[in-house]
Amino acid sequence: MSEPTQSIETTPQFVGKHEVAPRGAAPFRWERKAMGLHSLIVYIFLYAPILILIAFSFNEARQTARWEGFTFQWYGRLMENKLILNSMKNSLIVAGTATFACTIIGTLAALALGRYEFKGKGPTQALLFLPIIIPEIVLGVAMVTFFGIMQMRLNIWTVIISHIVFSVSYVAIVVRARLAGFDRSLEEAAMDLGAGPVQTFFRVTLPLILPGIIAGALLVFTISIDDYVITSFVAGAGATTLPLQIYSMIKVGVTPEVNAISTLLLLFTLVMIIVAQRLQQQPSDKGERK
Amino acid sequence: MSDTSNHSGKTARVLIAPSWLLLGIFFLLPLIIMFVISFGMRGTYGGLKPITDLWAYISSGDFLANYRQSLDGLYLPIYWRSVWMAVATTVLCLVISYPIAYYIAIVAPARWKNLLLALVVVPFWTSFLIRTYAWMLILRTEGLANTVLLQLGLINQPLDLLYNELAVMIGLIYGELPFMILPLYASLEKLDLTLLEASSDLGANHFSTFWRVTVPMTMPGIVAGIVLVFIPSIGQFVVSDLLGGAKSMLVGNLIQNQFSIARNKPFGSAIAFELTAVVLVLLMAYAWWSKKKGQEAML
């Protein structure tokens, strides 16, 4: 976040995508500076609360916002808290299972959408798009009603099913994007060299789209482990996930333990997202094994 | 590929079958059931009241009871608040986001671009709940803002910063901002800068170039951003539950209450369906607009 404004001062010439300053884009220096300053403030707005939360998780003070010294004790306390440990376990089970299912189902759908023209392609796209755009609360309400009508007891499986439902589209979208930038001649070459469709898929197609699949999987894992709204409707007794546990702790009151567990979850998802981003950016390169 | 279209159609159907099975049973069916239940009545124990005579039930107009109840004056302030807060969030996000998207796409040095963009994307994916909670640390009575203000001697008494509509607005804007910046960036990035040059050569000052060239050219991003911010804002309930007080209840909280405290699922389903209808109408309007403009929808 280091001041983007600086670089403008040192480079008097307009530098952007284009070498020469297009007249009319942002002709005046003060305009560019003002925009840079505005951007800096927005970045501070986006990151300050997160950094404050992380800082507080190391603060000795229990009640106040004053800094009373550095401590790891709140993290230590977490390890003794059975409720938190149990909710972590549940979250990992849910996210792991949902990721596994979404990766397979979503990749298959992406292959169909990216490869073939077929009847019902439009509706299929709409179907995969809807779970993302329908308000989460509506989805939660609809699912808990459905489970009730079907007489399915709310437990960890109802959580897993609903997580698969709202995450599968992300894999489909990410993998499809990867397929779009895919050199079809490689597959044709494999076929010409005598490989069957199955062999071609596993030896050529799959390795090439693998970064997309992994990125999609990481996103699903992140979305699943972060979800509160839908989970709060469909989780039965004993299926409390980490966000549900955090939420109930927040409702009781702000404590350093909440800060610590929130920081851990935040950093965990941060790492996942950065890895996913990297995988999505790289074009087909770096021979994945086989 | 050398496949005949018939063959490839079959392959495609096999590939999409799991998605249809999953989403058909656990997504479409629940939505349909919710819709049907919204015409039902609450039973004694919070379940559904069995209907003995379907025809009489329909002809008496009872099946619309939940929808009539949802229009009761009691709930109007909640809808009104949900709408104006969503509108205000959308407008403020647009005003805040346009300059930063412009900066990243056009003004910033090329080598900074990826980093600046990544810094917007990261909060987009991290826990909404935790990011909302972080504001509680700042705004609560013993929170950071009050501590700092007291220390500086600017106030004598802690201010009530949390549990009001302002706090909810801050939380909404904070949560939805990346949803606006990203589509704006995507369309500004595609903007043909020679058009701006042409406009300027033809004698337009940069103010009118902005309003008459840049804004119309980036309209797809603006509209996509509006849709992407408005929809989650109007269905929000975590932010208002954590940062708002009893007086800042939104339609999301109203729905949630029907399923937890009030135990009136048919009524909750009716409001949830109304919310869904609003969202779908908005999306259809968006699709219609994109088609009319001959542009591919960004969503």
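Here are the criteria: (1) under 18 Å from residue A:87 (Cβ atoms); (2) of a type outside the set (Lys, Arg); (3) in contact with a helix residue (DSSP H, G or I) (Cβ under 6 Å, 6 or more places away or on another chain). Tell me which single one residue A:217 does not satisfy.
Exception for residue A:217: condition (1).
Please go through (1) of a type outside the set (Val, Ile, Thr); (2) under 17 Å from residue B:14 (Cβ atoms); (3) at the interface with chain B (Cβ under 8 Å from one of its Cβ atoms) for residue A:130 and return the number of the only condition it doesn't satisfy.
Checking residue A:130 against (1) of a type outside the set (Val, Ile, Thr); (2) under 17 Å from residue B:14 (Cβ atoms); (3) at the interface with chain B (Cβ under 8 Å from one of its Cβ atoms), the one that fails is (2).
Would a scan of the range A:113-120 turn up a residue that is in a helix (DSSP H, G or I), at negative phi, facing chain B (nearest Cβ under 10 Å) and buried (at least 22 other Cβ atoms within 10 Å of the Cβ)?
yes
Going through the range B:88-107 one residue at a time, which ones are surrounded by 15 or more Cβ atoms within 10 Å (Cβ to Cβ) and aliphatic (A, V, I, L, M)?
Answer for the range B:88-107, where residues must be surrounded by 15 or more Cβ atoms within 10 Å (Cβ to Cβ) and aliphatic (A, V, I, L, M): B:88, B:92, B:94, B:96, B:100, B:101, B:104, B:105, B:106, B:107.
So if I check each of B:87, B:121, B:83, which one is more than 20 Å from residue B:239 (Cβ to Cβ) and in contact (Cβ under 8 Å) with a residue 60 or more places away in the chain?
Only one candidate passes the filter, namely B:121.
When only residues in the range A:48-66 that are free of Cβ contacts under 8 Å to residues at least 40 places away in the same chain and more than 10 Å from every other protein chain (Cβ to nearest Cβ) count, which is farthest from residue B:117 (Cα to Cα)?
A:60
Consider the range B:23-62. How many of its residues are among the aliphatic types (A, V, I, L, M), under 30 Å from residue A:130 (Cα atoms) and more than 10 Å from every other protein chain (Cβ to nearest Cβ)?
Looking only at that region, the number is 1.
Do the conditions hold for residue B:145, that is, is it in a helix (DSSP H, G or I) and more than 7 Å from every other protein chain (Cβ to nearest Cβ)?
Yes.
Looking at (1) under 25 Å from the mean Cα position of the chain (by Cα); (2) at pLDDT below 90; (3) more than 7 Å from chain A (Cβ to nearest Cβ), which one does residue B:97 not meet, given that it meets all the others?
Evaluating residue B:97 over (1) under 25 Å from the mean Cα position of the chain (by Cα); (2) at pLDDT below 90; (3) more than 7 Å from chain A (Cβ to nearest Cβ) leaves (2) as the failure.
Among the residues of the range A:35-47 satisfying the criterion of being surrounded by fewer than 21 Cβ atoms within 10 Å (Cβ to Cβ) and at the interface with chain B (Cβ under 8 Å from one of its Cβ atoms), which is nearest to residue B:116 (Cα to Cα)?
The selected residue is A:43.
Could you check how many residues of the range A:251-274 are closer than 12 Å to residue B:133 by Cα, touching a helix residue (DSSP H, G or I) at 6+ places or on another chain (Cβ under 8 Å) and among the small types (Gly, Ala, Ser)?
Selection size over the range A:251-274: 1.
So, in the range B:214-252, exactly how many residues are within 20 Å of residue B:127 (Cβ to Cβ), in contact (Cβ under 8 Å) with a residue 60 or more places away in the chain and part of a helix (DSSP H, G or I)?
Selection size over the range B:214-252: 9.
Looking only at the range B:133-142, which residues are at pLDDT 90 or above and more than 9 Å from every other protein chain (Cβ to nearest Cβ)?
Within the range B:133-142, just B:139 meets the criteria.
Which pairs do you get when a residue that is outside any helix (DSSP H, G or I), found in the range B:256-274, comes within reach of a residue that is polar (S, T, N, Q), reach meaning Cβ atoms under 6 angstrom, with the pair 6+ apart or on two chains?
Pairs found: B:264/B:258.
Among the residues of the range A:137-151 satisfying the criterion of being surrounded by 15 or more Cβ atoms within 10 Å (Cβ to Cβ) and more than 7 Å from chain B (Cβ to nearest Cβ), which is modelled with the lowest pLDDT?
Ranking the qualifying residues of the range A:137-151, first place goes to A:148.
For residue B:15, state whether it is part of a helix (DSSP H, G or I), at pLDDT below 95 and surrounded by 11 or more Cβ atoms within 10 Å (Cβ to Cβ).
Against the criterion (part of a helix (DSSP H, G or I), at pLDDT below 95 and surrounded by 11 or more Cβ atoms within 10 Å (Cβ to Cβ)), residue B:15 qualifies.
Do any helices (runs of 4 or more DSSP H) entirely within the range A:161-257 hold 1 or more residues that are crowded, with 23+ Cβ neighbours inside 10 Å and touching a Leu at 6+ places or on another chain (Cβ under 7 Å), and if so, which?
Because the criterion is at least 1 residues that are crowded, with 23+ Cβ neighbours inside 10 Å and touching a Leu at 6+ places or on another chain (Cβ under 7 Å), the helices (runs of 4 or more DSSP H) in the range A:161-257 that meet it are A:206-226, A:229-234, A:242-252.
Do we have residue A:240 as within 10 Å of chain B (Cβ to nearest Cβ) and at pLDDT 85 or above here?
Against the criterion (within 10 Å of chain B (Cβ to nearest Cβ) and at pLDDT 85 or above), residue A:240 does not qualify.
Does the range B:108-130 contain at least one residue that is at positive phi and surrounded by fewer than 21 Cβ atoms within 10 Å (Cβ to Cβ)?
So far as the range B:108-130 goes, no, none of its residues is at positive phi and surrounded by fewer than 21 Cβ atoms within 10 Å (Cβ to Cβ).
Checking the structure you have, find out if any residue of the range B:169-188 is more than 7 Å from every other protein chain (Cβ to nearest Cβ), surrounded by fewer than 21 Cβ atoms within 10 Å (Cβ to Cβ) and either at positive phi or not in a helix (DSSP H, G or I) (or both).
No, every residue in the range B:169-188 fails to be more than 7 Å from every other protein chain (Cβ to nearest Cβ), surrounded by fewer than 21 Cβ atoms within 10 Å (Cβ to Cβ) and either at positive phi or not in a helix (DSSP H, G or I) (or both).
The values are calculated or read from the model by the stated rules, or taken from the named source; none is laboratory data. All values derive from a computational prediction rather than experimental measurement. Neighbour counts are summed over all protein chains in view; Cβ atoms, including those assigned to glycine, are modelled from backbone coordinates with ideal geometry.
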